[in-house]
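See structure below.
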Ligand code: NAI
Ligand code: MG
């Protein structure tokens with residue numbers, strides 16, 4: 001394990017540092033104007049690498065939610081937006097993607113400063129975000145309605161129309177990518193929207209708001225509210241003026257959002273929640289690829305990934321060999337300043353998460369699991385924890401059942417294919433899974449039997465806007481992306497015409 005020295009609380013790029021120095025705390029974008037919170041309150045976002053303040057942002061409250069909803073509603077009903085042809089919306093989305101490309105390095109650096117992910121990972125995730133905006137720009141003009149097989153005296157057809165105002169609430173683990181995955185389809189389908197980034201990582205959403213304005217979207221089409229869950233997220237979930245709420249985050253908060261919808265206007269709700277994804281290695285796998293991807297599967301973004309492969313099932317005969325190799329790989333990661341290209345793992349994104357992951361180190365040890373690698377924090381400033389490989393884990397233990405959301409993997413042995421599937425499915429979650437084997441039949445058989453929204457065969461962490469994404473069981477509700485993306489951001493309308 002290499003640990004590099006303390007990091008400065010500064011951007012490396014003068015452009016990013018100038019942006020940080022010059023920006024105002026008026027970070028609410030409402031109806032095309034940057035404004036402070038009506039209460040005048042602000043809060044600070046911290047650099048998790050240094051534990052020092054990066055900047056202050058507006059702390060929105062329910063009255064700002066009302067203002068943003070009014071602006072989004074006006075833009076949906078009477079602005080230039082509803083008059084635009086799909087091709088014009090496509091052009092604006094392409095403008096945005098182009099601007100993101102021009103600013104890729106700056107966006108990535110800002111993400112690293114606010115979230116702590118390594119700069120290489122941040123660049124890769126910004127690229128994923130850009131690709132998804134281009135995908136939706138292309139998809140705008142590929143949405144066709146249909147005509148029904150009606151009698152000769154009728155001409156019946158089915159329209160798909162935008163929902164209205166979409167609220168998007170996102171977490172702090174991959175902020176810019178999560179934002180783009182909501183913005184792309186919501187705007188492509190012709191809705192207007194309000195984005196609430198997480199309180200510990202608001203900066204790239206603010207920069208994205210600037211780029212959306214620069215791209216030429218009409219005022220009120222995209223609104224941004226920085227603030228906390230109870231004061232901004234909950235009023236959005238309860239708002240009668242919001243037609244759909246798309247949420248990514250924890251199961252508990254997701255439940256509250258669904259309840260709020262049921263109590264109020266039955267707004268459409270998509271929930272993308274947590275996971276405890278099984279990653280299954282059979283003895284005939286390409287072991288080098290399996291080990292490298294299993295490490296990435298639980299350590300990318302310091303393990304703060306909803307699809308992280310945190311339950312590693314290994315066939316009993318090769319279990320010790322895999323544990324040794326994975327421990328060696330985990331110990332060879334370089335932790336330190338995530339802006340240093342040599343760093344391969346950064347800190348956790350915020351203090352609450354740091355404390356949470358630490359508490360699970362104790363839970364695991366108390367349950368009798370053995371930390372072959374890690375199991376402790378780093379003695380330096382910043383929210384650093386060591387990549388942790390727990391051996392001697394049973395699937396019923398808390399460390400194997402509860403989402404830790406840190407670089408912690410539980411290795412669990414299995415006897416045969418049946419046992420792997422049985423244990424793999426023994427969880428309340430069902431977001432993702434992977435299977436490593438050279439046996440084609442076994443790969444497809446396991447893929448069918450695993451209860452998860454995404455299954456990877458001989459790969460991990462691949463995401464693509466052309467593939468539907470969402471969870472089985474308590475990992476979520478509904479799907480986004482994929483060929484039917486517009487179904488989640490439009491209403492269907494049956495039109496009957498008597499000839
Ligand atoms: P969280 O679900 O509370 O936060 C996610 C977003 O929801 C943030 O923008 C937050 O401000 C907002 N929010 C909080 N309370 C809300 C409310 N009552 N109504 C509406 N919005 C609200 O997650 P948190 O507390 O930051 O993390 C706790 C755990 O949740 C993590 O340790 C992890 O296990 C899980 N998590 C899973 C994520 C995923 O991608 N599946 C992402 C973030 C957290
Ligand atoms: Mg931060």
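For this structure, a couple of remarks:
- A single entry from 354, 361 fulfils the requirement of being assigned to a helix (DSSP H, G or I), more than 20 Å from the chain's Cα centre (by Cα) and within 15 Å of ligand 1 (Cβ to nearest atom): 361.
- Pairs where the first residue, in the stretch 202-229, is closer than 21 Å to residue 40 by Cα and touching a residue at least 24 places away in the same chain (Cβ under 8 Å) and the second is in a strand (DSSP E or B) and away from ligand 1 (no atom under 16 Å from the Cβ), C-beta under 6 Å, 6+ apart: 209/29; 223/29; 223/30; 224/29
- Subset tally (residues that are in a loop (DSSP other than H, G, I, E, B), buried (at least 24 other Cβ atoms within 10 Å of the Cβ) and within 8 Å of ligand 1 (Cβ to nearest atom)) for the stretch 175-207: 2
- In the stretch 354-380, the qualifying residues are those that are surrounded by fewer than 15 Cβ atoms within 10 Å (Cβ to Cβ) and out of contact with any helix residue (DSSP H, G or I) (no Cβ under 8 Å at 6 or more places or on another chain), and the one that is modelled with the lowest pLDDT is 379.
- Enumeration of residues in the stretch 260-273 that are within 10 Å of ligand 1 (Cβ to nearest atom) and either assigned to a loop (DSSP other than H, G, I, E, B) or in contact with a helix residue (DSSP H, G or I) (Cβ under 6 Å, 6 or more places away or on another chain) (or both): 260, 271, 273
- Checking the stretch 163-170 against the condition returns a match, with at least one residue being within 15 Å of ligand 2 (Cβ to nearest atom) and either farther than 30 Å from residue 62 by Cα or in contact with a helix residue (DSSP H, G or I) (Cβ under 7 Å, 6 or more places away or on another chain) (or both).
- Pairs where the first residue, in the stretch 340-359, is more than 12 Å from residue 382 (Cα to Cα) and the second is within 15 Å of ligand 1 (Cβ to nearest atom) and in a helix (DSSP H, G or I), C-beta under 6 Å, 6+ apart: 345/302
- Lone qualifier among 322, 393 - being away from ligand 1 (no atom under 16 Å from the Cβ) and either farther than 26 Å from residue 419 by Cα or assigned to a helix (DSSP H, G or I) (or both): 322
- Residue within the stretch 214-221 that is more than 14 Å from the chain's Cα centre (by Cα), within 15 Å of residue 89 (Cα to Cα) and in a helix (DSSP H, G or I) present: yes
- Looking across the stretch 444-460, the residues that are surrounded by fewer than 17 Cβ atoms within 10 Å (Cβ to Cβ) and assigned to a loop (DSSP other than H, G, I, E, B) come down to 458, 459.
- Just one of the listed residues (280, 257, 301, 291) is within 16 Å of ligand 1 (Cβ to nearest atom) and over 16 Å from the mean Cα position of the chain (by Cα), namely 257.
- Members of the stretch 280-301 found to be touching a helix residue (DSSP H, G or I) at 6+ places or on another chain (Cβ under 9 Å) and not in a helix (DSSP H, G or I), listed by number: 280, 281, 282, 283, 284, 285
- Test: residue in the stretch 224-237 that is within 16 Å of ligand 2 (Cβ to nearest atom), surrounded by fewer than 24 Cβ atoms within 10 Å (Cβ to Cβ) and in a helix (DSSP H, G or I): yes
- Residues of the stretch 186-221 classified as touching a helix residue (DSSP H, G or I) at 6+ places or on another chain (Cβ under 8 Å) and either modelled with pLDDT under 95 or more than 23 Å from residue 479 (Cβ to Cβ) (or both), total: 19
- Within the stretch 159-173, tally of residues that are within 15 Å of ligand 1 (Cβ to nearest atom) and on the phi > 0 side of the Ramachandran plot: 0
- Residue in the stretch 96-117 that is in contact with a strand residue (DSSP E or B) (Cβ under 7 Å, 6 or more places away or on another chain) and under 20 Å from residue 220 (Cα atoms) present: no
- Qualifying residues in the stretch 125-147 (those that are without any contact (Cβ under 8 Å) to a residue 60 or more places away in the chain and assigned to a loop (DSSP other than H, G, I, E, B)) - the one surrounded by the most Cβ atoms within 10 Å (Cβ to Cβ): 145
The values are calculated or read from the model by the stated rules, or taken from the named source; none is laboratory data. Not measured: the values here are computed from a predicted model. Here the Cβ is made from the backbone with ideal geometry for all residues, glycine too, and neighbour counts use every protein chain on show.
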